[in-house]
């Protein structure tokens, strides 16, 4: 059995609410293998985004461990954790979060800020290749405000993939896109998984969930298989 | 993509924010530079005014000195050095001293470090019978003034009488009908009349002046004199005569000193009083200007820090606003693995740029304002101070960095999950 790219064990998280503490995650276990595309579904406030942040090493759980390629990331110092995150995880968000004063190419190259000068040439070549592959070449020097929503999400995707992460975390990446653009983004996620990456997608969308190999539902702070099983990721874009 | 490039692109993107921050720094630097320039112009003006006033007082004193010198030329000397054993009563009665002293005393005085007398004039005076004209006269031998080594070169108040020449008092040349250029015979020697003096109303009117050496030969008193006339210089104490006596006694113990011609003394005292008044007025002006300078320094002492503090607060608020406007950007950069230190530098680097550019804008602004408001525009080139520019280039970035420190720390500590979740 291959080692899980992401392994969550006994994750618990409690928020302070107006009527007292609210435990949103009650001992979640999850493993995402390389080449696997997993979708998380659930009602708003069920804790699926919280689980994504914890998996992305951006939010410390109250209990439990998060292993990234076998490394317990919350046992690391914040600096080491940031390096691990930069090297192994890519993020795609519903709101794109592009830097408004940077061009398409500069936004794609933004992860290079986490690097030293070493390897910048290779990252630049990769950025150019992603821009071409995602059909952004004519928009290369445009600012994000000059792009359509679909183009912005493709830029965000290219940015997430720049450092060839092992895990891609996507939070409602198709939430602001029309059908055609959403399909294009899901195809890219599926392609990433096919190439050996692991994808954890949080979505409300049936279409997006259908693109995943495995769909889990966050209910009452725990994970459970979703009601319907999905086709393999190769059919996601169909 | 480097932090520097990101800073520059963000500055170009949010020009308004940058310009407002720049304005704050430039205002702070301009107030600092302007105040320093104003104070410097005032200081220089004070120096110039005081120098001008001092020159005026000195010129006035010099004018008075000249007047005294002229009056002395008319009145003669005011210090008389006589042999110690000479009875003064006899001198007042006869108009000259019977006792004599060595002419060498004059050399001793001249070569000494004495500072209380000048215009030293040796003389030998005797009442003689002018047998050729059948009348009694005073024969005065003089060799002119001997320069006192210790004192500055001064114009002599009495010229020497050359050998073979004679100067006649008014009563003599008037009664005998003698004019300058005429030849006279005196005690068996021929003399050419060099000058006929106007009436003085004293014994000078019956005096014939000839060269000292010739007088000594005629009177058979070779190497002897009976008086040294001198002009009191600037005595330091009220007891002027006592001061002169003490100094002369130190050099010539076998002499005595007396004073005469009080009109000249009064003028000298008036000169001294005018000098003292001038110096007091100068000191008062200096005190007034120094008080003004202190007042301005006190004003700058609280105004400049106040402006610096307001500017720092302004920059801090703008920096905080900048952080709030960029939370999404900060969140995604953190999510991409950009470390806290780099996020910190995104804001501190911008503050540094604002500080440096602010100093470069504020310095000439403050310098120009300082020059114009103080009326020192004409001396702008000499007022330029590289040290002050260096200080501005140090203070302004420190001000901007200090003011941006807390907002930058807030940015670096933003929780990306919260930021991106809320966005």
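Of all residue pairs spaced 6 or more apart or on separate chains, those with beta-carbon atoms under 9 Å, a first member in segment B:89-105 that is surrounded by 14 or more Cβ atoms within 10 Å (Cβ to Cβ) and a second member that is modelled with pLDDT of 90 or more and part of a helix (DSSP H, G or I) are B:103/B:212; B:103/B:216. Once segment B:150-175 is narrowed to residues that are closer than 16 Å to residue B:121 by Cβ and in contact with a helix residue (DSSP H, G or I) (Cβ under 8 Å, 6 or more places away or on another chain), the residue that is modelled with the lowest pLDDT is B:157. In this structure, is residue A:72 under 21 Å from residue B:416 (Cβ atoms) and surrounded by fewer than 16 Cβ atoms within 10 Å (Cβ to Cβ)? In short, yes.
Could you tell me which of the residues A:180, A:122, A:137, A:141 is touching a strand residue (DSSP E or B) at 6+ places or on another chain (Cβ under 6 Å), more than 9 Å from chain B (Cβ to nearest Cβ) and surrounded by fewer than 20 Cβ atoms within 10 Å (Cβ to Cβ)? Sole residue among the options that is touching a strand residue (DSSP E or B) at 6+ places or on another chain (Cβ under 6 Å), more than 9 Å from chain B (Cβ to nearest Cβ) and surrounded by fewer than 20 Cβ atoms within 10 Å (Cβ to Cβ): A:141. Checked against (1) at the interface with another protein chain (Cβ under 10 Å from one of its Cβ atoms); (2) over 27 Å from residue A:126 (Cα atoms), residue A:46 passes all but a single condition, namely (1). Among the helices (runs of 4 or more DSSP H) confined to segment A:40-154, the ones with at least 2 residues that are over 23 Å from residue A:188 (Cα atoms) and modelled with pLDDT under 90 are located at A:78-88, A:120-133. For segment B:330-423, the helices (runs of 4 or more DSSP H) that sit wholly inside it and include 2 or more residues that are more than 14 Å from chain A (Cβ to nearest Cβ), at pLDDT 90 or above and within 30 Å of residue A:171 (Cβ to Cβ) are B:386-412.
The values are calculated or read from the model by the stated rules, or taken from the named source; none is laboratory data. Keep in mind that this is a model prediction, so the values were computed, not measured. Here Cβ is always computed from backbone atoms with ideal geometry, including for glycine, and neighbour counts include all displayed protein chains.
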